Structure formats: structure tokens, C-alpha cells
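Asker: Got a structure for you, questions after.
The values are calculated or read from the model by the stated rules, or taken from the named source; none is laboratory data. Being a predicted model, the structure only gives us computed values, none of them experimental. Positions of Cβ are generated from backbone atoms using ideal geometry, with glycine treated the same way; all protein chains shown enter the neighbour counts.
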Amino acid sequence: MEPVNLSDYESAAREKLPLEIFDYYAGGANDEITVQENLSAYSRLRLQYRVLRDVSQRSLATTVLDHSLAFPVLIAPTAFHRLAHPEGELATARAAAQAGTIMIVSMVATTPIEEVAKVNATIPNAPCLWMQIYILPDRNFTTEMVHRAEAAGCGALVLTVDSPVFGQRERDIRHRFHELPDGLSLANFTTFNGIAPARFEFKADLTWEDVSWLRSTTDLPILLKGIVHPDDACLALTHGVDGIIVSNHGGRQLDTAVATIEVLPEIVDAVAGRLPVLVDGGIRRGTDVLKALALGAAAVAIGRPVLWGLTVAGEAGVGNVLELLRREMDLAMALCGCSSIVEINRDLLRL
Ligand code: FNR
Ligand code: LAC
């Protein structure tokens, strides 16, 4: 049956993927309480909609850091797209560009950033890509990665800060799923311009000093991804950061971490409009997007649903996942009495 919502895509992907790959994508840390909580926190929120507001003409368009988006849903960085589909990140990039939104390309992609950028550039009026990075213990390699992202035309860097060490993914431990199958590689970690590849390892001594260092290496906007505490949001402000993504890595790092939508309001209040705040984790419905925007998010990002779409039908599958969410959001706006993104505010939520 044709999938009619994002959850149908998950079911279809579960049928199609080898179990260890499905579990790598779907799973999280330890008991996966945060994986669940990211979802259930949205279902606990209730919308108190408005009526009689002429919603015949609606626009979902918005801008984030001066980048225009057709609707406020970005693609969160996720690793290893070629585990889902042979075209991998290239299919995802085409779908994002066609939909008029930004793909945040993972540093641990199975396609080099240059090739993803080349595909993005073939689509008229495509928003630019953003590049997600981890700061590795090897700063030279990290600097090279930043320069490659700049040269490839990426519009921002997304520094993931929730991973000084790797979370305990028990599904992967059970399946002994620790290596990519033959033929796939961490494509950004091959020799480039004579620079030898670094080993992919997290930097356990990562601090705000690394953020300042990264700031000094580039003029690109930098967003910090993985913030859940308002005090860290305030520190981000004093370290020259340009945006925040409230995220707990989809519940894959610290289990029993707070649901992102629950802490979004306090982070929005802490930064008080000085930075755009985005949020990811558990967004599966148009009403979830509306709730996140109502609580002050400039935009949201989705991770796993993109992998399900990619698994089921490559570029078309990712495109349909985005389109289903866009249509649901458009419907939710109409039923809430909102004709444009700026009309979505906290009054819509019964807290
Ligand atoms: C991720 N995520 C992630 N984040 C990141 O900064 N770099 C990465 O390489 C990855 N890789 C990755 C792989 C897989 C399989 C998943 C599911 C997630 C986290 C991702 O960007 C995002 O924070 C969450 O996926 C958002 O939650 P949902 O939408 O999956 O619920
Ligand atoms: C993950 C890493 C790669 O969540 O970010 O699997």
C-alpha cells in the first residue's frame, strides 16, 4: 500500500532493510527512553486553535540565517545513506533541493561532500547545503574538512557537540554491527589533496575552546547541534556562534535525556532572539512542526524519516516524505487559523 504518512514509511523500510541496518537507523542509547520521549512529548502537547481567520492563501516559506526555505523543515545530518539506497546522499540531496529545503550533510556520509554539492548545484534555485562536522582529535583534518565544505559551496557549518564519546547502542552491540559493509566507506575520510585520512574518532576533551578555535578557522556561519540546556545556549552566544540546534541526537547518545521539544522554550527565552534556534528529534507530523514553531523554533529538522523514504524509494521516497510533511503542516496551519509562518506563536499551545 502507498504510504500515507511518515510512520508508514518506517513500516515499509522495516520490511525492506536487513535487520541490523534498520536497527542501526532506528535505535538509540540504552533503553531508548529518550528515543520514545522525543516522540511522546509532541503527542502530549495540545493545540488551542483559532477560527474565522481566512486561511485561503497560505505560505510556508521562511528564511533561516538568510537562506530561503520553501517550508521550515531541514534534513538533519545522518550517517551512511548508502546503507539505505545505492544512490545514498546523492538521492537525498536531489530530493531536498527539489523540495526547496536544506540538507545538512553528515561528515560521516558515504559520499564525499564535493559530489553531494555537485548534484545540489544541478537543481535550479536549490538552497545551499549545510555541512555537519565533528571536531576530531586531529585538528588538521578538521580544518581540511572545513575548507572542503567552503570550497564545495556549503552555506553553514553544523558542529555537533553532544558526542565527546559514543553512546551505547545496544541493538548494534547485539548485532555486532560496527563496520560498514564492503564497498561502502566514510567517503570524506579518504585521502584528499594529498592530506592523509584521519581515523574517525570523537574528541573526548572537546570544550568551548574548540568552538572558539573553529570560529577562527572560517567565516561560514556556525550552528551548534546538541544543545539542551539554556546555560549552554547562553555560552554559545558568547562564543560567536550563529545558531543553535536543540537536539539530543535522536536519543542515540545519553539515554533519559530530556525531550527536545520540552526544553525548546527555555532555550528560546535564553537567547531572546539573538540567534535562530532550530530543533530536531521526534518530528513525524505536520502538527509537530507547528508545535515546534509555536514554541519559538525558526525551523525543524528530521532524521530517521528521511532514511525511511530513502530506503523505500530513493530520491522519490525522500521527496514524498518531505511532501507529506509539508502538506500536513499546511493543513495544520489552516486549521489553526495561520496563513503564514510569522502567525504561529505560543498562543496556539495549551501549556
Ligand atoms: C544521526 N544523527 C547524527 N547527527 C550528527 O550530527 N551527525 C551524524 O552523523 C548523525 N548520524 C545519525 C545517524 C542516524 C542513523 C540517526 C538516526 C541520527 C542525529 C540526527 O542528526 C538527528 O539529531 C536525529 O536523527 C533527530 O531525530 P529524529 O528525527 O531521527 O527523531
Ligand atoms: C550516529 C553517529 C554517526 O548517530 O552520529 O550514528
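Asker: Could you list all residues from region 90-133 that are out of contact with any Phe, Trp or Tyr (no Cβ under 9 Å at 6 or more places or on another chain) and among the acidic types (Asp, Glu)?
Answerer: Matches in region 90-133: GLU115 only.
Asker: Inside region 162-209, can you point out the residues that are of a type in the set (A, V, I, L, M, F, W, C) and assigned to a loop (DSSP other than H, G, I, E, B)?
Answerer: Selection gives VAL165, PHE166, PHE177, LEU180, LEU184, LEU186, ALA196, ALA198, PHE200, PHE202, ALA204, LEU206.
Asker: What number of residues within region 241-261 satisfy the criterion of being closer than 15 Å to LEU278 by Cβ and within 13 Å of ligand 2 (Cβ to nearest atom)?
Answerer: Filtering region 241-261 down to residues closer than 15 Å to LEU278 by Cβ leaves 241-250, 260-261.
With the extra rule that they be within 13 Å of ligand 2 (Cβ to nearest atom), the set shrinks to 247-250.
Residues in region 241-261 being closer than 15 Å to LEU278 by Cβ and within 13 Å of ligand 2 (Cβ to nearest atom): 4 in total.
Asker: Report, by residue number, each residue of region 125-142 that is closer than 29 Å to ALA61 by Cβ and not in a loop (DSSP other than H, G, I, E, B).
Answerer: Correct list: TRP130, MET131, GLN132, ILE133.
Asker: Could I ask something else about it? I'm told LEU220 meets every condition in (1) more than 18 Å from ILE104 (Cβ to Cβ); (2) in a loop (DSSP other than H, G, I, E, B) except one. Can you identify the failing condition by its number?
Answerer: Only one criterion is unmet by LEU220, namely (1).
Asker: Considering region 203-227 alone, what residues qualify as being surrounded by 15 or more Cβ atoms within 10 Å (Cβ to Cβ), in contact (Cβ under 8 Å) with a residue 60 or more places away in the chain and not hydroxyl-bearing (Ser, Thr, Tyr)?
Answerer: Those that are surrounded by 15 or more Cβ atoms within 10 Å (Cβ to Cβ), in contact (Cβ under 8 Å) with a residue 60 or more places away in the chain and not hydroxyl-bearing (Ser, Thr, Tyr): LYS203, LEU206, ASP210, LEU214, LEU220, PRO221, ILE222, LEU223, LEU224, LYS225, GLY226, ILE227.
Asker: Taking ILE135 as the residue in question, decide whether it is of a type in the set (Val, Ile, Thr), at pLDDT 95 or above and out of contact with any Lys or Arg (no Cβ under 6 Å at 6 or more places or on another chain).
Answerer: The answer is no for ILE135.
Asker: With region 4-82 as the region, which helices (runs of 4 or more DSSP H) entirely inside it contain at least 1 residues that are under 18 Å from ARG171 (Cβ atoms) and in contact with a Leu (Cβ under 6 Å, 6 or more places away or on another chain)? First the steps, then the outcome.
Answerer: Values: elements: 6-16, 19-26, 33-44.
Passing ranges, in order: 19-26.
Asker: Residues in region 332-345: is at least one aliphatic (A, V, I, L, M), away from ligand 2 (no atom under 16 Å from the Cβ) and either outside any helix (DSSP H, G or I) or at positive phi (or both)?
Answerer: yes
Asker: List the residue pairs whose Cβ atoms are under 7 Å apart, where the first residue sits in region 328-344 and is in contact (Cβ under 8 Å) with a residue 24 or more places away in the chain and under 13 Å from ALA298 (Cα atoms), the second is part of a helix (DSSP H, G or I) and of a type in the set (Asp, Glu), and the two are 6 or more positions apart or on different chains.
Answerer: Hits for this filter: zero, empty list.
Asker: Restricting the search to region 89-124, which residues are away from ligand 2 (no atom under 16 Å from the Cβ), of a type in the set (A, V, I, L, M, F, W, C) and in a helix (DSSP H, G or I)?
Answerer: Within region 89-124, LEU90, ALA91, ALA93, ALA95, ALA96, ALA97, ALA99, VAL116, ALA117, VAL119, ALA121 qualify.
Condition check ((1) within 14 Å of ligand 1 (Cβ to nearest atom); (2) under 21 Å from the mean Cα position of the chain (by Cα); (3) not charged (D, E, K, R)) across all residues:
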residue: LEU180; (1), (2), (3): yes, no, yes
residue: GLU209; (1), (2), (3): no, no, no
residue: ILE222; (1), (2), (3): yes, yes, yes
residue: HIS239; (1), (2), (3): no, no, yes
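Asker: In addition: Among the numbered criteria (1) in contact with a helix residue (DSSP H, G or I) (Cβ under 7 Å, 6 or more places away or on another chain); (2) surrounded by 21 or more Cβ atoms within 10 Å (Cβ to Cβ); (3) of a type outside the set (S, T, N, Q), which one does CYS338 miss?
Answerer: It fails just one condition, (1).
Asker: Of the residues PRO86, PRO127, PRO72, only one is farther than 15 Å from GLY155 by Cα, away from ligand 2 (no atom under 16 Å from the Cβ) and within 18 Å of the chain's Cα centre (by Cα); which?
Answerer: When all the criteria are applied, what remains is PRO72.
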